[in-house]
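Working notes, beginning with the structure itself.
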Amino acid sequence: MDEIIRAKLVGEALRQATESAPDTTAYIFEDKDITFAEVDAAADRLATAFLQMGIARGQRIAVIAPNRPEWVITYFAAARIGAVILGVSIRNSKAEILRILAQSRARAVVCVPSHDGLDFPAICRENTKEIPTVKDIIVIAPEVPDGCRSFSRLLATPGDSGAIAAAAANLDPDDELLILYTSGTTGRSKGAALSHRSHLASARAQARHIRANPKDVMFMAMPLSHVGGITCGVACMLLGRGACLLIPQFLPKEALAAAIRHQPTIMLGFPTMHTLLLMEENFSGLDTRGVRLAITGGSNADLSIVRRISAAYSGATIMNLYGLTETSGGLVMSPWNMSPEKVSASVGKPLNDFRVKIVDFMDNPVPREVTGEVCVKGEAVVRGYFRMPEESLAAFDQDGWLRTGDMGYLDEEGFLILMGRKTEMYIQEGLNVFPVEVEECIASHPEVAMVAGIGVPDPVLGEVGRYYVVPLKGEPSLDDLFDICQNNLPDYKRPSQIVIRKSLPLTASGKVNKAALRREFEETGK
């Protein structure tokens, strides 16, 4: 029973999990346990309702909601009949939501009533000319606006196994399953088209590597509209028959309280999430003895952060994870039982039979220890962006290699070391500087919680480094921070500007938003 599920379609994977472990908890939400059998039955009922509404194979259903059971049920229901889920962040602007719905030609929208002042049903109803393909607005609420459907009423539809079987008869692992949009921190976001095959390839490789099993409870605060949530969390735990503790939105105090009540065995989060949790006053209330694995992913984890995580979960293995929307989820992870120093220095080695190579600006492979663009290949890599042929051609080559836009190198042992996004590099005194090197140096100060750097214009040097620092508790002196850089970095890499801040802007998925920092500097000079 502890074997990882090998199904080729997501709907089949849920069915197999239900058949082998019907009464095992699949999700925990607001202190309620939901079993695999309950999710399976709910997915059948909602899939039947979708069919009765005329939603057909390949049509897109957008979900605009925080992490909650309705999101997951919609995902499984769509997968069961060949419909495609559009993951839309609740933190997107009105303009971005309308752009995604229009660009993807969404057929239906499943949404909560509102978030942060945005009325999602109203956005859809009042902009029909911009999104003419949206025929149904399904609202997750006890009462719904006129012209909308009730999610709970659809969920009460009697399941029709015959209709579902007919709809699923010709489904193929290469059919589209999810369209997830990149963060858009360097430009217009792009919708990566994940298939059942690519999605499950990443999830299965991770599930095997972390030894996911029915006793596991994963702390799941990464948004389901992001591969970190839907692949690294939901699909990974599905294949291992483990549970996800669904955290609607990452608010550190509330998220920690949920973890204290439900005792996760796996803590999954971006470095910023781990840092903010550890900074909470009540962290000591979490019984960390049951945590067997702490995974940090999405960006480099400074050694100081990894050491704090290691100290907080003293009995756990610490792992790094690297993946992109375009790789359907994780494809590189730390091996078991590595030192904090090695976990911080490297994101790990490729999982399964996934491949990594480093190329120069002419796409020529470079030797070990030489920095270039990271390219990846494997079953988890998507085939392209949805309805964006030019962007697809620029990122994916004919041999299946994805140009990630990340800079890094492979060391002599084959570990991947990231240096940051290609677009983050700046030129100071005529030499290339990757902010990650300077960030790691500044983060070594014991009073630094987070740091992020950008290049800004300078009339003499062309560009200089500007670094924003969030203190851990007190406030480190700027002299101390400049001294650390003076003592540990070559002169051309030393930052010219360091700014102390209370917080840093984050993307919808929870990473530090450097594009926002650049815009802020351009607009205010601060």
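The values are calculated or read from the model by the stated rules, or taken from the named source; none is laboratory data. Since the structure is predicted, the reported quantities are computational estimates derived from the model, not experimental observations. Glycine also receives a Cβ, built like all others from the backbone with ideal geometry; neighbour counts cover every protein chain displayed. Just the protein is used for accessible areas: all its heavy atoms, side chains included, with ligands, DNA and RNA removed. Shrake-Rupley method; radii C 1.70, N 1.55, O 1.52, S 1.80 Å.
Report yes if residue 438 is farther than 21 Å from residue 427 by Cα and surrounded by 19 or more Cβ atoms within 10 Å (Cβ to Cβ), otherwise no.
Against the criterion (farther than 21 Å from residue 427 by Cα and surrounded by 19 or more Cβ atoms within 10 Å (Cβ to Cβ)), residue 438 does not qualify.
Just one of 166, 193 is aliphatic (A, V, I, L, M) and open to solvent by 30 Å² or more (accessible area, probe 1.4 Å); which is it? Give the steps one after another, and end with the answer.
Values: 193 fails: open to solvent by 30 Å² or more (accessible area, probe 1.4 Å).
Result: 166 is the single residue among 166, 193 that is aliphatic (A, V, I, L, M) and open to solvent by 30 Å² or more (accessible area, probe 1.4 Å).
Go over the candidates 402, 418, 410 one by one and state the one that is at pLDDT 95 or above, surrounded by 19 or more Cβ atoms within 10 Å (Cβ to Cβ) and under 19 Å from the mean Cα position of the chain (by Cα).
402
Restricting to the stretch 277-303, give me the number of residues that are assigned to a helix (DSSP H, G or I) and crowded, with 21+ Cβ neighbours inside 10 Å.
So the first thing to find is which residues in the stretch 277-303 are assigned to a helix (DSSP H, G or I), and the list is 277-278, 281-285, 288-290, 303.
Of the ones still in play, those that are also crowded, with 21+ Cβ neighbours inside 10 Å are 277.
Going through the stretch 277-303 one residue at a time, the tally reaches 1.
Select from the stretch 351-378 the residues that are in contact with a helix residue (DSSP H, G or I) (Cβ under 9 Å, 6 or more places away or on another chain) and at pLDDT 95 or above and write down the one among them that is surrounded by the most Cβ atoms within 10 Å (Cβ to Cβ).
The selected residue is 376.
Would you confirm, using the coordinates I've provided, whether residue 309 is part of a helix (DSSP H, G or I), open to solvent by less than 30 Å² (accessible area, probe 1.4 Å) and within 21 Å of residue 343 (Cα to Cα)?
Yes; evaluated as a whole, the condition is true for this residue.
For residues that are open to solvent by less than 10 Å² (accessible area, probe 1.4 Å) and either more than 19 Å from residue 112 (Cβ to Cβ) or among the polar types (S, T, N, Q) (or both), tally how many sit in the stretch 81-91.
Qualifying residue count for the region: 4.
What number of residues in the stretch 206-218 are open to solvent by 10 Å² or more (accessible area, probe 1.4 Å) and part of a helix (DSSP H, G or I)?
Step one: list which residues in the stretch 206-218 are open to solvent by 10 Å² or more (accessible area, probe 1.4 Å), which gives 208-209, 211, 213-215, 217.
Then keep just the ones that are part of a helix (DSSP H, G or I); that gives 208-209.
Count: 2.
Restricting attention to the stretch 110-151, which residues are farther than 15 Å from residue 66 by Cβ, in a strand (DSSP E or B) and among the hydroxyl-bearing types (Ser, Thr, Tyr)?
150
Sort out for me the strands (runs of 3 or more DSSP E) sitting completely within the stretch 446-526 that have 1 or more residues that are open to solvent by 70 Å² or more (accessible area, probe 1.4 Å) and without any contact (Cβ under 8 Å) to a residue 24 or more places away in the chain.
Where strands (runs of 3 or more DSSP E) fall fully within the stretch 446-526 and carry at least 1 residues being open to solvent by 70 Å² or more (accessible area, probe 1.4 Å) and without any contact (Cβ under 8 Å) to a residue 24 or more places away in the chain, they are 448-458.
Looking only at the stretch 421-435, count every residue that is out of contact with any Pro (no Cβ under 9 Å at 6 or more places or on another chain), in a loop (DSSP other than H, G, I, E, B) and crowded, with 17+ Cβ neighbours inside 10 Å and tell me the total.
1
Taking the stretch 266-276 as the search range and keeping residues that are among the hydrophobic types (A, V, I, L, M, F, W, C) and assigned to a helix (DSSP H, G or I), which one is nearest to residue 503 (Cα to Cα)?
Of all residues in the stretch 266-276, those among the hydrophobic types (A, V, I, L, M, F, W, C) come to 266-268, 270, 273, 276.
Remaining after also requiring assigned to a helix (DSSP H, G or I): 273, 276.
Numbers: 273: 13, 276: 10 Å.
Top of the filtered list is 276.
Which one is nearest to the chain's Cα centre (by Cα), of the residues in the stretch 78-124 that are within 30 Å of residue 172 (Cβ to Cβ) and among the polar types (S, T, N, Q)?
Result: 89.
Restricting attention to the stretch 384-399, and to residues there that are in a loop (DSSP other than H, G, I, E, B) and open to solvent by less than 20 Å² (accessible area, probe 1.4 Å), which single residue is nearest to residue 328 (Cα to Cα)?
We begin by selecting, within the stretch 384-399, every residue in a loop (DSSP other than H, G, I, E, B); these are 384, 386-388, 397-399.
Narrowing further to those that are open to solvent by less than 20 Å² (accessible area, probe 1.4 Å): 384, 388.
Values: 384: 11, 388: 17 Å.
Checking each candidate, the answer is 384.
Among the listed residues 243, 235, 257, which satisfies the condition of being open to solvent by 10 Å² or more (accessible area, probe 1.4 Å), among the aliphatic types (A, V, I, L, M), in contact (Cβ under 8 Å) with a residue 24 or more places away in the chain and on the phi < 0 side of the Ramachandran plot? If you could, list the steps in order and put the result at the bottom.
Numbers: 243 fails: open to solvent by 10 Å² or more (accessible area, probe 1.4 Å); 235 fails: open to solvent by 10 Å² or more (accessible area, probe 1.4 Å).
Checking each option against the conditions leaves just 257.
Only residues in the stretch 34-54 that are of a type in the set (Lys, Arg) count as the first member; pair them with residues that are assigned to a helix (DSSP H, G or I), Cβ under 6 angstrom, at least 6 apart or cross-chain, and list the lot.
From residues that are of a type in the set (Lys, Arg), the pairs are 45/155.
Return only the number of the condition from (1) buried (at least 22 other Cβ atoms within 10 Å of the Cβ); (2) touching a residue at least 40 places away in the same chain (Cβ under 8 Å) that residue 138 does not satisfy.
Status for residue 138: all satisfied but (2).
Considering only residues that are surrounded by fewer than 19 Cβ atoms within 10 Å (Cβ to Cβ) and in contact with an Asp or Glu (Cβ under 7 Å, 6 or more places away or on another chain), look in the stretch 5-57 and name the one that is nearest to residue 170 (Cα to Cα).
53
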